Amino acid sequence: MLANRYLLNGRAAEALECYRKALAGSTKENTLRCRMILAHLETSGVNDAASFLLGMFDQLGIKALEELHEGCRGFVPTDVPEDHDVVKGLRALLAGNLDRAAKILTKVHSREFPAVARLATRLQEINHGT
């Protein structure tokens, strides 16, 4: 897929457009969802990535985590030293590490990353079964 090639070659903005078009016609493409979120992270769109994740939670509930983990398996680097903490937290979530993601994302400043702060709250609710 062209979008994957764009993402792997550092052309995340172009990849995002391709992923958006591909996802418009599909509701269950876990791999595409994962890579779209990664493309958001590459373009510094952490709030966009968090909003997309929140939409998945609204639509699928806890199953969103399983589907993301399935779609991201083997594709998400989790410890990139130069990543901002918020990116590390989102990558941990994509890699299926809910506890680590929640721990990192609860420290996010809500003014700077409002969607990420809402996502952190949602993750805490999921962790506590509410």
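Structural remarks
- Range in the chain, longest, excluding exposed GluC sites (Glu not before Pro) [loop by DSSP; at most 11 other beta-carbon atoms within 10 Å]: 1-81
- With Cα atoms defining each centre, the range 86-130 and the range 1-54 are spaced 19 Å apart in the structure.
- Spacing of the modelled spin labels on Asn127 and Thr106, each 7 Å from Cα toward Cβ, amounts to 0.4 nm.
- Database remark: amide H of Thr106 closer than 5 angstrom to no amide H (H placed geometrically; neighbours at sequence offset of 5 or more, or on other chains; Pro and chain starts carry no H).
- A simple charge model with +1 on the Cβ of Lys and Arg, -1 on the Cβ of Asp and Glu and nothing else charged puts the dipole of the range 2-127 at about 120 debye relative to its Cα centre.
- Isolated Cys in the chain, by beta carbon distance under 4.7 Å: Cys18
- Pairs of Lys residues in the range 2-127 are counted when their Cα atoms are under 25 angstrom apart and they lie 8 or more places apart or on different chains; the count is 7.
- GNM result for the chain, Cα springs below 10 Å: residue of Gly74, Gly55, Gly45 fluctuating most strongly: Gly74
- The stretch between Asp83 and Ala22 holds 19.2 nm of extra length on full extension. This uses 0.36 nm per residue minus the Cα-Cα distance.
- Contact order for the chain, expressed relative to its length and based on alpha carbon pairs under 8 Å spaced 6+ residues apart, stands at 20 percent.
- Under Karplus coefficients 6.51, -1.76 and 1.60, residue-wise ³J(HN,Hα) of the range 106-123 in Hz, glycine/proline x: 5, 8, 6, 6, 5, 5, 7, 10, x, 5, 5, 5, 5, 5, 4, 4, 5, 5
- Among (1) 1.31; (2) 1.53; (3) 0.97, the entry that matches Cα Rg over 2.2 N^0.38 Å as calculated here: (3)
- Based on DSSP H segments of at least four residues, each scored -39500 (n - 2.57), the chain has a per-residue ellipticity at 222 nm of -21000 deg cm²/dmol.
Only the coordinates and a few stated rules stand behind these numbers; no lab work does. Just so it is clear, the structure is predicted and the values come from calculations on it, not from any experiment. For neighbour counting, all protein chains shown are included, and Cβ atoms are generated from backbone atoms with ideal geometry for every residue, glycine included.
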